[in-house]
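See below for the structure under consideration.
The values are calculated or read from the model by the stated rules, or taken from the named source; none is laboratory data. Note that the structure is a prediction, hence the values are computed from the model and not measured. Methodologically, a virtual Cβ is constructed for each residue, glycine included, from the backbone with ideal geometry; neighbour enumeration extends over all protein chains shown. Note: areas computed on protein heavy atoms with side chains; ligands, DNA, RNA excluded. Shrake-Rupley method; radii C 1.70, N 1.55, O 1.52, S 1.80 Å.
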Amino acid sequence: MQTEFILRAAEAVNTAILAHESEIESLDREIGDGDHFINIRRGASVILGMREELSGLPPDAVLQRMGMKLLSTIGGASGPLFASFFMAMAKTVKEQGSDGPGKIAAAFAAGVESIKQRGKADVGEKTMLDVLIPVAQVLMQMSAEGAERQVIFAEIKKTAEQGMLSTRNMVATKGRAAFLGERAIGHIDAGAKSTQVMITAVCDLAAETPA
Ligand code: ADP
Ligand code: MG
């Protein structure tokens, strides 16, 4: 995973988020406070604006600067969570490198672990972690097995979609939706949806990028 790929991924994520505006917006309006789309759009757009500053830097420095920027620009619960994801990824990439599926899987897993710790949440609490945790597990397992890249991307997309859909019938125990109790049942979590959209966009980009 090189800097050029990370910058192209940021563009792909921005495009994908904009394409899902009304869906993400209305999900957070139903069981949150309606600002999730605005929060992630702001994050994606400030990162795009950093393109020149980031383009000559090594991948770990790029991820670290992205995380720090997100921390200072996205509000809400999701800002510090996404920020910690990038900063933990940066740390792992700095220590272990970022070339090949195994290294990328380890960095992604470290990012997800950092969200778990910061948000004090786990699978089954109707949050973005219902997408991120299963995706991290699949990525780790498939890269360890030496699965073919295209197979890994397809499996990640499927896992992300299942994770997103699984939040529909959950009661939330973290975040604003937790105040709604049973009334949150029947609604997909906005953060799970946006995370699935972002992961899908990065997989599609990776699938058309030579290894
Ligand atoms: P806020 O909840 O402050 O309005 P956002 O709307 O930007 O912030 O983000 C809400 C999303 O953040 C939720 O849909 C959920 O996926 C995620 N989230 C909230 N709390 C947590 C937590 N403790 N751990 C993991 N994810 C969380
Ligand atoms: Mg919100």
**OP:** State the volume of the convex hull built on the alpha-carbon positions of region 35-82, expressed per residue in Å³ and rounded to an integer.
**Re:** 57 Å³
Subject >> region 136-211, relative contact order [Cα under 8 Å, separation at least 6], % >> reply: 33 percent
Original post:
Just the accessible area per residue of the chain, please: how many Å² with a 1.4 Å probe?
Top reply: 47 Å²
Original post:
On average over all directions, what projected area in square nanometres does the chain have, based on the convex hull of its Cα atoms?
Top reply: 10.2 nm²
Original post:
Say a paramagnetic label sat at a point 7 Å from the Cα of residue 178, along Cα to Cβ; which residues of region 108-130 have their backbone N under 15 Å from it?
Top reply: 116-130
Original post:
In the chain, carbon and sulfur make up what percent of the accessible area (probe 1.4 Å)?
Top reply: 54 percent
Original post:
Against the longest principal axis of the chain, how steep is helix 3-19, in degrees 0 to 90 to the nearest 10, with axes from Cα atoms?
Top reply: 30 degrees
Original post:
Out of region 55-156, which GluC sites (Glu not before Pro) are coil in DSSP terms and have no more than 15 other C-beta atoms within 10 Å?
Top reply: 145, 148
Original post:
Across the chain, how many lysine pairs, 8 or more apart or on two chains, come within less than 23 Å at their alpha-carbon atoms?
Top reply: 27
Subject >> Kirkwood hydrodynamic radius over Cα pairs of region 89-211, then Stokes diffusion coefficient at 10 °C and 1.306 mPa s, in µm²/s >> reply: 107 µm²/s
Original post:
What is the distance, in nm, between label points placed 7 Å from the Cα along the Cα-to-Cβ direction at residue 154 and at residue 15?
Top reply: 2.3 nm
